[in-house]
Structure formats: C-alpha cells, structure tokens
Amino acid sequence: MDAELRRLLAALPADERAAARHAVARGWLPVEDLRARLRQRPPGASFLPSLRALPLGAPQLEELGRVLEAERRRLGGAPSSWVGPRAVDEAAPSAAHGGSAADSSPTLVAPGDSPSPATERRGAPARLGPYLVEEELARGGMGVVYRARHRDLGRAVALKLLPLGAGAEQAERFAIEAQAAARLDHPNIVRVYDVGRAAGQSFLAMELVEGESLKERLARGPLDVREAADIALRLARAVAYAHSRAILHRDIKPANVLLDARGEPRLSDFGLAKEVGAGSRGLTVTGQAVGTPAYMPPEQADGNLEAIDRRADVYSLGATLYCLLTGQPPFAGNSALGVIKKVLTEEARPPSRSRPGIPRDLDTIVLTCLQKEPEARYPTASALAEDLERFLAGEPIRARPLGSFERMARWAFRRRRAVALGALGALLLGSLGLGVLFVEQRRRLALQRARAEAERARAEAERTRAEAAARQEREEKAARRALALANRLRRAEIALERGYAALGAGRGEEAADRFALAWTAVDGVRGTEALASLGEERAAQLREGLLSPEDLRAAAALGLREALGRWRRQEIGTSPPRGLASAALSADGRVAFLLAEDGLEAWDAEAAQPRRLWRQPAAAGAQDVLCVGGAEGVLLCALPRAGGGGAVRALDPRDGAVRWELALPFAGRLVASPDGTLLALVDPGPQGRVWVHRLGDRARVFACEARQRPGAAYPSSATAAAFGGDGAVLAVGYGDGTFSLWALGEGLRGRASPPCNAHPGGAVTALAFPREEVRGGRFLLLSAGEDGRVVAWEQTPRRFLAVRVLLEGAEPIRCGVLASAGPFRARFAVGTARGGVRVWQLVAGTIGEEASLRTGNGTVRRCALSPAGDRLLAVSSGEGAKLWTLGELEVERGTGPLAFAPGGRRAWVALRWDPGEGHGQGRHEGFLVLRSDRGRGGQVHPLGHARPWSMAFLDEDTLVWTIDRDYRERTPPVEAPERAARYAVERYSLRERAVLWSRPLPLAFSLAISPDGERLAVGTWSRARSEGAELLLLGVERGEVLRRLAWHGRTVRRALFLPDGGLLSAADDGALARWGPEGTAPRWAREAVAARSLPAREAAPTPTPEEQERVGVAWIEASTDGAYVLSADRSGGLRRWRIEDGAPAPLAHPPPAAAGALVFAAPAGPGTWVLVEEGGSLRLVDERLGRSLRRAKVPARVEFCAIDPERRTLAVATSRQTVYFWRLSVPVLPDLEEAARRRARSGAAR
C-alpha cells in the first residue's frame, strides 16, 4: 500500500504531494478516491481543486491549508493561493442588465459543483430550443447566464445554462432551483418562465430584470435608513411567501437581489434552495458549508444541516439589511475560512457604530436577526416584516436589545476556555489565602486548647457527676409531670361529662362548678388534649361560656378569666351599618363621630354599651369628617354641593350645631396641622388640587395643582397630604406613587422638593409627620401606598432616603392616621383593603410595630386615633365601625388583696356569695387564686368563709396574710372579745395547702416583710379613734410578737421596711414616721399631708377627724435608689421626702394633681412612677418631664393594688370583683434627657 501511495503521489508537485499525503494519513482521502481523482485530473492541472472539494468542514480544510503553506515555505516558493474551500464567482442574475456579475464575497460550493476550466471556456449555441441566444450576461460557478429571446413570443428572457460536463450533483441542484423557482409567484421574486433541455444542455428561462443588483447599488454607498428598511421589508415578505411554499433560499445576499427600473427589489438565484418537508431532498451532507460566508448563519457555516430552518433565511435577511445600512457585511475577512470563524465566534457590531445616526430600534431589529442562537432570532420572516412595518410607521417594535448580563454571559460562553482558566486561577489564589488563614487559625486554636486543657481536665469529673444527677432529676420530674398531666386530663373529662349532665338536668349551679373545675384542671396544658378529645363543639361552648349569667359569674369567681388582651374591641354605631364613609375622635378621645349616608352621629366611646349622644342630618352626604382643637374646637365636614363644587361645614362637637360654612369649588379629604391653625383640602378629582386655609379667618394661604410627571400622558392627582413642622411644611402624595414637600413658611411659600418615587406600585394613600421628628429642616416622614408598603423616610440635603420599610404586605393600604402622645412618642395606624389595621409606635426616634388588628373582610375606609393615642376607631365597608381601647389590661375575676411571688406568679382572692339557709344567713365563700406571670395555668385554694385583707409572699411556696375567718357581706368588725377569735395573722403553705401557724390579732389592713425575711410588720385598725392603732413586729418563723409600737390615728395605712432594717409607717391622719432598726424609737416624724389639701379654716388650724379621714396618707413607697419616699394623699397630692432625715424634697417637675383620691403610688423605673386613683384612673408619670406618659382606666372603684418586684406589672382589684393587670413598659424613658440634649446639640450644629 505504501509503495502504491508513493507511486500515485509522485506525479504531484512537492507542496501538493505533502497536502495529499496529510489528507490520506488523517483518513480524509481514501487511496481508492485518490486514484480516481488523479485519473480524472487533466494533464498538467493542479490537484488543489480536488483537495478543496473534499467533504470536509472548515477546520479540516484550514488544517490542509496550513500543511500546504508550511511545505511551500520549506521549499522557498511563493505563498500558496489556498483559501480554504474553493472560491468561485457565483453567476448573479444581476448580469441580466449587462453589468458586472461578480460578487466580491467568496461563495462556498459543495464538492462536484464546479465545472472544469475547459468546460467553462466553451460557448453557448446560438439557438437553444425555442430561444435565440443573443449575448452572454454573466458567468459563475453554478452556470452561465445569457440574454435570449423566445422565437415565437418575442419575449426577452434571462437564460441560465448548466455548464457542459457538469457533475450529477450540479445537475441535481440545477433541477432543484428550477423546481423551487417555478413554484413561486411573488412580485418581489424573479419569475421562471420555462425549464428544459436541448442540444444536450439543461436551461432555465427566467424573467429578465432591467436594472442593477443591490451589490452594484451599494458600490455607490450605503442606502438611506428608511429606503434600506423598506427594501428589507419587501424582501422579508418575499421570503415569508417562499417559506409558506416550503422553500428555503439559503443564499440571500445583495448580489442575489435585483432592483428593477422602479427600484422594486426582486429576489433571485435559488441554486442553493432547499425544500422543507418529509419528502424533501438534500444534496449536502453534515460537515459541508455552502453559500456565501458573510451572509450565512452560524449553523449553515458550521455545516449543521439539521439546524437549518426558516430562521437561517432570517439571519441572511438581517445580514443583507446590515450591508444596506453600512455598505459592508457584518463580518468580513481575507478568506472564506476567516469569515466563517468570525461568524461562528464573534458578535456583530451594532450598525450604528459603523454609521452613526441609525435609530436604536433598527439596530435592535438587525441584531435580533444576527443572533448566534436561532431561538433568539425572529421566529419567521413574517415577524421580521411586522417589526419593520412598526419601525417605518413610528410604532414601538417588539424586539428588545440584549441586557448587559446576557451579553456578558454570551461573551463568557464564547471564551469559556479563558474564563474557566481565569476562574480556576482565582479559585487557586483564594484557596491559597484561605489555607494560610486556616493554618494560622488552627495554630491559635491549638494554643487556646492547650491553655484550656488543664481546666477542662479538672472540671470533667465534676461535670460528669452533675450531668448524671441532672439527668436523673429531669427523668423523675418528667415522670411526675406525665402522671400529673394524665390525672388532670382525666379529672377534666369526668368533670365535663358530669357538668353537661347537670346542665341537661337543669342544675345550673352544679354545672357551673363542674365546668369551673374542668377549666381549672386543663388551663395551661399545651394542646388541651382533654378538650380536644371531647370535640370542638364542647370546647367552643366551654371557652365561650355558654351558661346563664348567674352560673357564669359563680364559676368565674373561682378565677376563670373573662377577657384577656391589651386591645379590647367594641362595636360602635347602629346595626346594621348605614354606609359609613368616615370617622373621627374628639380631642380627649371620649366621643366617636361617625359619618353615615343620612348624617353625622356622635357616640360615647367610654360607655360599656354603645350610646348615641346626638345626630346631625345637616352633614348628610359628606365625604370626610375631622375634629380640630380641644374642648372648644370644631368638627369639620367636607360636603359636595348639588350644583357643583363643595363646602366645609363647621359643627359644635358638643351638640352638632352648625357654626359656620366655607364655600369651595370642590369637596375632598380634610387634613389639619398639628397646632390646629391650618386646614388642607385634597381634591380627589383629576385636577388634583390641594388648598390650605387658615381656620381663624378661613382665608386661603396656599394652593397647588396636579403635577405632570415627565413622560406621562395625564397629570397625577393628589391622593394624600400631611402637615409637618407645626404647619411649616406640607407633604402631598400623588396617584403615581410619588410625594413632594411644599414649603408654607414666609419667603419660601410654593417651593417644592423634588418628587420621591415612594410607591411605584400604586397611589400614595397616607402620609404622616411624627411631630417631634422635625429638626433643622430634616424630616422623618411616614408613607403608605396601594402597593401594600409602609416606609419611613428621612430628608437628606439632596433627596429622601428610605430609613426603614415597616410593612411589605400583599394587601393594598387605603388610609392612615398618626397621633402624637407626648414628647418623642407617637402612634401610626393604617387600614388595608381586606379589613386589616396595623399599628406602629414611635418612641424617641425608634419605630416598632405594636399590633395587627382586624375589622372584618371589608375595605377599611378611614382610621382615627385619639390625640393621646389610647383609642383607635376604624370604619370599613359593610362591617360598620370598630373601636379599640389601646390599653395593656388583662382582666380576671376576683377581688383583693393582691400579691406577687418572687418567681412571677400572681395571687389574689376571689369571693362567691353563699346565700345560706335562711334570711340574713348569707356569707361569702373565699378562694385563693394563683396564676403564672403570663396568665396561664394556676391553682385554686378554697378558703371557706374566710377572707384575707392583706398578704405577701415569703417565698414561692409560702404566704403570710391578715385574715377575717368569718367574713360576712357588709358586716362591720365585731367588738372584743370576739375580735380575738375572728381576726388573725397566718402563715400559709401553698405546697401543703395548710396553715403553718396563726396568731390572733386585731383587724389589720397593712402587712410588710423585712428584707432578711425574719420579721413581719402589721398595721392594725381601731374601731374608735381614741383607742389608737398599733404597729406590731412579729417573727416569721413562729409568729410571736416581738414588739408593739403605739400609734395615733385610727388606721396604719402602710408599713414599709427599709434596706437597713428600719421601718416607715403612714397613718390615716396624715402622719409619716421612720422607726429605727428592731422597732426602736422613731428617728423622725412628719405631717405628710400638704397644707393646700386642707380646707381653709381660720378658727381651727388643726384638721378635724373627718378632714383627716378625707385627706390622710393613702400610700407610701420608696424610690428605686432608696433615697426618697413618695407619699400619696387622698386629696390627689403627691409629695417626696428624704428618708435620711425626713426633710421635704420637692419634685423638680411635679405631675398634674390627680382628679380623685390617690390610693397607690410606686416607682416603675428611674424617675417614673405609677399612680392609681380611687376612681379607677391609672397613670404612668415622669417626674423629670412633669407629665403623664401613659394612661389606662378601669371601670370601677379601686380597692387593692400591688406591683411585682421587677416593676413590670401592676395589679388592681376593683369593687366589682374584677382584677386588672396592667403591663408596664417604659421604653427609652431613662434616656430622655440625654436624647433631648443630643437633639439640641444636633439642631445647633445644623
């Protein structure tokens, strides 16, 4: 075989011999094929055309070229003319007009398509069938074109002949072109008249187009933009028509497009056309690339025939349009292989870079056609034609340019090898750095472990023993808990079954007892399995208390909770609701104003049952209502007028009488400034006006219209407004989601800030300024919008900056309201489209969500907050009005006294009335109720007919109390000697449920335990004032009397141990004294009642016993630092004394005097006190500010109070046998002074 190969190659020149040998060695050219090709080669002809005709791809042909060039350089010869695939000039139909038909772009022809040089030189016959040949027009690789005329018809045609000696494949292509062109009849495609064979030659008679080709037109320069787009549009329609006939052109380029005398483009030369369909024929195989490289798509250039479809012609159309716009194809090179490489690997430059001024949309159309991936191009030529039509008509196109990320991803994919190497290098460097850090960290950790090893070794044995003991204890506790839980659940099931049986038999009292026992048994059990096992219906009945009122009260006396929650909701207004549109609250929050379809109504917001105060039909049809000012303020209603325009009508909040009316051209939403001097009216119509009036003289001081946003077709109307800086600034929200600030001050009026795009998803529906957050021209602004977001903004010198997104919800927000409740404190509430109300609290610059409430499922139309922020009113469509009291009260059934255990448990006394067997034999039955600090779980200890009057915890399991052993309703204390047997001081064990010791004593109301837990101080009550009360010191262990201290007055109201063992006491006559340790003589005594509290009497400077009873000291309590004692008297006065010497220490900023008698005062933190009035008012005051920080109200007279050791919960027992627990929270109050100084310094610096 080697000898035969050498013999065959010996006839070739040295350079061609090297290339042929390389092709044989790579298996590209079998020896038999080499023998046949050498036999067909004319004598003396080059063998390079046969090598170029091998069925190889572009990379293989390029490799053969490199071998040929290397051999030529080795021999010292001239460079080779090898350019990869054979480059020949395609016979262009443009030669029909007599011009040059050569195309400068190389065309790739499949093997066997090129005729031999001898054949190319042969001439055509003078007559061919019915056609008389006149002259040659053009010559190319696929044939020769002549001008001819039909002998009978006299019609001039372009006659295309298949060269003599053409191969079978070339003849087949000629036939395919004839068949494909004959099936097409389109004004922009050259028509075929006839096809046949005569004189041994195949011919094709086509329409003779008198004109020039696009290639010849481009020789004079690029076309006008619109002219190029119009030609591309007509070609795209022609190609779409060919595609509809299942014909792919596969060689669309300027040389194959003719321009007739009218300038109409005509597509010609279907020599490379392909029929699409199940029975289609193909003459190229995978790996072959035919066509013009500069205009063929990447899949055609790569020889991937399976991927060629209609989108290949879309690519060629885009390349042709690129050439029409710039005068050059998108990819150019010195050789066909170079062009193919660029087509496969490089992205086309936008035409506008080669020719500035090309519109961006046309750039996008061209680049979409030239995408490497067929999926990224236009799917059809029709889609391309539609976008070109939109461009020419000035309409938006559908194609979109690639983003930066996608361009980067494609760049990385094309250079994936370099990118992978770079990433690998970065990964190696990062790994090296991490390795160094890891080694250093391990070294440090090893050193630390070495230092700690000795300590761990010493503690290991002890820890092992402790863990074993703890594990054993946990297992024992778990077993005990499981047994106790099983017993509780079993008792609950039995009690429920018996309770329902008794209820069915009509024994209501017995059923109530059974239900109470079942509730107590399962209260606090996670999951309440016992209730669940009896079914959801029974559980719901038990929780909702579906019993008679008498039975429910009797069962509740055992400690069952009646209600729980800091947000108590109340229905208000008529039922069913009558189209409520808006609502408002009075300045003190006691009256709710509801705006309905038929008028305005005022309702008592404090009444337990809804009560209407008055109704004003003159406000019927109003759109909004707003209460401005205090007790002497006005109630404003915005009403539309029947003939157009609107008005603001002012009403008296007390009786609804009309005060005045202001005529306006519109009616809208009302917004008042914080000081109540300015009123803003927001027009909801398309004009979007906002007018500001002074309420004093009702004169207009400012007006702005709807704002036109750049690029928007219509102006955005105003949708919300808010005043800031006491009326110096007005924030206006718009329907496009933006807001702006308008200056209202003198000299700056009408100046607006740049708009802030706060809510791009919808209109701004609420704006609010926290009053104390406006400093030095910088504002904290809250905004809410229909996109469901609530955002806090801060104004910087250039723009608004989003400080925090408070809510990112799915429910659109419809309304919002803000109320300032004091210095550095405010509440902000918004209502949503699905019945939700969200509340935030702002304290000293910090914002936190406080609650999420529900009104129902209807849209919340309007929210209103009382100025103090303690009441919230919401109006929703179809759901009526809901009123929440923003307190922090937990409600229990029971009465006093109260006590808190060191572990956080609460204890109080509950009473139930036992009518007895006969008249006058009724008495109370007492129970001691204990619950955890969260109100979950607990115990009930029956006390029989006894009632404790005061009690305190010694530890978690032991109580000390003063008790009446035979308590009867409204029975006065009995006289001696029966007194000794009825009243006592006792020590009670909660674990053993037994009295440890009992010491008979006179009736006592005050009780205190020394800090060391060794002594008790008991203050007694004397029936006769002349007898005087006593202050007794008892031992805790056995209850023995250690010392009796005589005391003037009728009652020792309060006894208080000091850290040094001393004792403070206060009597009902106003006297305050400090006793030495161990009950020695008093160190000092003071008259604690303020002189201003006593009635003015000239004749009697000393108060009478009745006056002393009315103005006496009700409570004393030491400050948190132990330096002062605070005394509260029954006239509402509050005074402070130094514990060391009893000297008065007036408060720097005394809070306002109480409206009623003070019965309790206790510190809640540094500088803050909790004050309780007998009438049920609870206040949290700050002595540094001299004002109340928070308020609450219990609807009954206060009888007993207590505060837990950690000062977090206040317990209040009322005369209605109800116990309230008020959770105390004083956020950031200890830092108020420092915050005020910091703000002052910041303002001065600005």
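The values are calculated or read from the model by the stated rules, or taken from the named source; none is laboratory data. Computed from a predicted model, the values in this text were never measured in an experiment. Cβ placement follows ideal geometry from the backbone for every residue including glycine, while neighbour counts extend to all protein chains displayed.
Considering Glu473, Glu460, which residue is at pLDDT 85 or above, part of a helix (DSSP H, G or I) and charged (D, E, K, R)? Walk me through how you get there before you give the answer.
Details: Glu473 fails: at pLDDT 85 or above.
Being at pLDDT 85 or above, part of a helix (DSSP H, G or I) and charged (D, E, K, R) holds for just one of Glu473, Glu460, which is Glu460.
Exactly one residue out of Tyr241, Tyr193, Tyr146 is without any contact (Cβ under 8 Å) to a residue 24 or more places away in the chain, buried (at least 16 other Cβ atoms within 10 Å of the Cβ) and assigned by TED's automatic domain parsing to the domain that holds Pro330, and it is Tyr146.
Taking the condition surrounded by 17 or more Cβ atoms within 10 Å (Cβ to Cβ), basic (Lys, Arg), in a helix (DSSP H, G or I) and at pLDDT below 95, does Lys372 pass? Judged against the criteria, Lys372 is not a match.
Residues that are of a type in the set (Asp, Glu) and either in contact with a helix residue (DSSP H, G or I) (Cβ under 7 Å, 6 or more places away or on another chain) or modelled with pLDDT of 90 or more (or both) within segment 280-316 comprise Glu299, Asp302, Asp309, Asp313, listed in sequence order.
Within segment 872-910, restricting attention to residues that are closer than 30 Å to Pro1011 by Cβ and β-branched (Val, Ile, Thr), the residue that is modelled with the lowest pLDDT is Thr895.
So, in segment 118-143, of the ones that are among the charged types (D, E, K, R) and either assigned by TED's automatic domain parsing to the domain that holds Pro42 or assigned to a strand (DSSP E or B) (or both), which residue ends up modelled with the lowest pLDDT? If we take residues in segment 118-143 being among the charged types (D, E, K, R) and either assigned by TED's automatic domain parsing to the domain that holds Pro42 or assigned to a strand (DSSP E or B) (or both), then Arg139 is modelled with the lowest pLDDT.
Can you tell me which residue in segment 347-361 is farthest from Gln371 (Cα to Cα), limited to those that are surrounded by fewer than 16 Cβ atoms within 10 Å (Cβ to Cβ) and touching a residue at least 60 places away in the same chain (Cβ under 8 Å)?
Checked segment 347-361; the qualifying residue farthest from Gln371 (Cα to Cα) is Gly357.
Any residue at all in segment 1130-1138 that's touching a residue at least 60 places away in the same chain (Cβ under 8 Å) and over 19 Å from Arg1208 (Cα atoms)?
Filtering segment 1130-1138 down to residues touching a residue at least 60 places away in the same chain (Cβ under 8 Å) leaves 1137.
From what is left, the residues that are over 19 Å from Arg1208 (Cα atoms) are 1137.
Among the residues of segment 1130-1138, at least one is touching a residue at least 60 places away in the same chain (Cβ under 8 Å) and over 19 Å from Arg1208 (Cα atoms), which makes the answer yes.
For the subset of segment 209-244 comprising residues that are more than 55 Å from the chain's Cα centre (by Cα) and in a loop (DSSP other than H, G, I, E, B), which member is farthest from Tyr146 (Cα to Cα)? So that I can check it myself, show each step before the final result.
Just the residues of segment 209-244 that are more than 55 Å from the chain's Cα centre (by Cα), to begin with: 209-221.
From the residues that got through so far, the ones that are in a loop (DSSP other than H, G, I, E, B) too are 209-211, 219-221.
Details: Val209: 13, Glu210: 13, Gly211: 15, Ala219: 24, Arg220: 26, Gly221: 29 Å.
Filtering segment 209-244 for residues that are more than 55 Å from the chain's Cα centre (by Cα) and in a loop (DSSP other than H, G, I, E, B), the one farthest from Tyr146 (Cα to Cα) comes out as Gly221.
Against the criterion of being at pLDDT 85 or above and surrounded by 20 or more Cβ atoms within 10 Å (Cβ to Cβ), Leu744 does not qualify. Within segment 635-689, being in contact (Cβ under 8 Å) with a residue 40 or more places away in the chain, outside any loop (DSSP other than H, G, I, E, B) and small (Gly, Ala, Ser) holds for Ala638, Ala672, Ala680.
Yes or no, residue by residue, for (1) of a type in the set (A, V, I, L, M, F, W, C); (2) in contact with a His (Cβ under 8 Å, 6 or more places away or on another chain); (3) at pLDDT 90 or above; (4) surrounded by 19 or more Cβ atoms within 10 Å (Cβ to Cβ):
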position	(1), (2), (3), (4)
Ala175	yes, no, no, no
Gln179	no, no, no, no
Lys215	no, no, yes, yes
Leu223	yes, no, yes, yes
Ala232	yes, no, yes, yes
Ala261	yes, no, no, no
Glu264	no, no, yes, no
Gly271	no, no, no, yes
Ala278	yes, no, no, no
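Residues in segment 989-1011 that are of a type outside the set (Val, Ile, Thr) and assigned to a strand (DSSP E or B): Ser989, Ala994, Leu996, Trp997, Ser998, Arg999, Pro1000, Ala1004, Phe1005, Ser1006, Leu1007, Ala1008. Can you confirm whether segment 228-237 contains a residue that is under 25 Å from Cys323 (Cα atoms), assigned by TED's automatic domain parsing to the domain that holds Pro329, out of contact with any helix residue (DSSP H, G or I) (no Cβ under 8 Å at 6 or more places or on another chain) and not acidic (Asp, Glu)? Yes; the residues of segment 228-237 include at least one that is under 25 Å from Cys323 (Cα atoms), assigned by TED's automatic domain parsing to the domain that holds Pro329, out of contact with any helix residue (DSSP H, G or I) (no Cβ under 8 Å at 6 or more places or on another chain) and not acidic (Asp, Glu). As a summary of the residue check, Gln170 satisfies the conditions (1) outside any loop (DSSP other than H, G, I, E, B); (2) at pLDDT 75 or above; (3) surrounded by 15 or more Cβ atoms within 10 Å (Cβ to Cβ) except for the one numbered (2).
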